[in-house]
1. Which members of segment 293-319 meet the condition of being in contact (Cβ under 8 Å) with a residue 40 or more places away in the chain and more than 26 Å from residue 93 (Cβ to Cβ)?
2. Does any residue of segment 32-54 turn out to be within 27 Å of the chain's Cα centre (by Cα), over 29 Å from residue 261 (Cβ atoms) and at pLDDT below 85?
3. When you look at residue 273, is it surrounded by fewer than 15 Cβ atoms within 10 Å (Cβ to Cβ), modelled with pLDDT of 95 or more and more than 17 Å from residue 83 (Cβ to Cβ), yes or no?
4. For segment 71-104, enumerate the residues that are surrounded by fewer than 15 Cβ atoms within 10 Å (Cβ to Cβ) and either touching a strand residue (DSSP E or B) at 6+ places or on another chain (Cβ under 6 Å) or farther than 19 Å from residue 156 by Cα (or both).
């Protein structure tokens with residue numbers, strides 16, 4: 001018998017025991033005599049038998065595959081660090097719990113995204129899904145996954161999605177508020193804000209918190225805004241639009257670090273000194289925020305920890321259908337891109 005092709009029945013025959021006895025030994029069931037256990041383990045070693053964990057999981061009705069769904073449009077550049085950090089965190093969580101991770105991309109603008117999700121679930125039978133934003137706020141998409149009978153944890157979901165699925169994230173509104181409070185404390189009164197995609201609820205909460213901080217500081221003017229898509233390119237384009245405005249803005253806040261870095265490039269091209277002429281802030285505290293010049297003031301959110309925690313929530317949620325939100329801490333990181341406005 002080839003070691004590579006040995007089966008549990010071969011082990012049972014070699015050990016002179018029943019198939020169910022081999023199964024009990026391999027599953028470490030205690031009511032097996034020590035001499036019988038030794039014979040089975042000896043046969044396993046001699047035959048080089050390897051347990052097929054996936055087959056065992058399927059037979060027990062409990063899969064060991066967790067699927068991370070990235071939201072990605074073919075028309076946009078990927079937010080590479082954010083996606084990579086989500087994947088690393090999920091992989092870390094899966095490894096610690098004995099699960100396997102696979103990732104898939106779905107276009108949030110695809111009208112057939114719900115049907116696509118149902119097909120993926122039917123084909124790959126994951127034990128659970130982790131949804132990244134903005135799919136984590138897509139109630140139609142979430143409903144399709146739930147009807148397929150799979151457990152879900154949403155990352156950075158808004159209030160509506162939190163009512164129907166378990167989720168993990170930071171207080172996005174409070175993060176935006178912290179940035180607004182920081183800039184107003186420096187004396188800024190004229191603001192621009194590069195927002196994220198309209199369907200991205202977390203990005204909307206960042207803006208809402210920012211505006212709330214301005215109102216609390218007595219600033220009634222609404223910030224000039226542009227819509228970006230979280231890419232470096234969209235940050236460049238939005239800042240170029242801002243520079244065409246007749247108003248002189250002294251601070252520009254961005255819904256993520258990639259767009260902030262793009263805005264800084266546009267400002268450098270316009271011969272504007274940061275922060276002497278204009279302050280810039282980002283959001284996420286990705287590695288880019290420390291290597292741009294000047295280093296970027298931003299909100300640090302624990303991206304890898306979000307999906308690592310999502311895996312743990314997902315496993316717990318396999319026996320608990322109630323939605324649960326797990327909030328992780330964030331921090332304002334002040335660097336050299338912000339300063340009081342010039343006189």
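1. Of everything in segment 293-319, those that are in contact (Cβ under 8 Å) with a residue 40 or more places away in the chain and more than 26 Å from residue 93 (Cβ to Cβ) turn out to be 294, 295, 296, 297.
2. yes
3. When the stated conditions are applied, residue 273 passes them.
4. Matches in segment 71-104: 74, 75, 77, 95, 96, 97, 98, 102.
The values are calculated or read from the model by the stated rules, or taken from the named source; none is laboratory data. Small disclaimer: the values here were computed from a predicted structure and weren't measured. Here the Cβ is made from the backbone with ideal geometry for all residues, glycine too, and neighbour counts use every protein chain on show.
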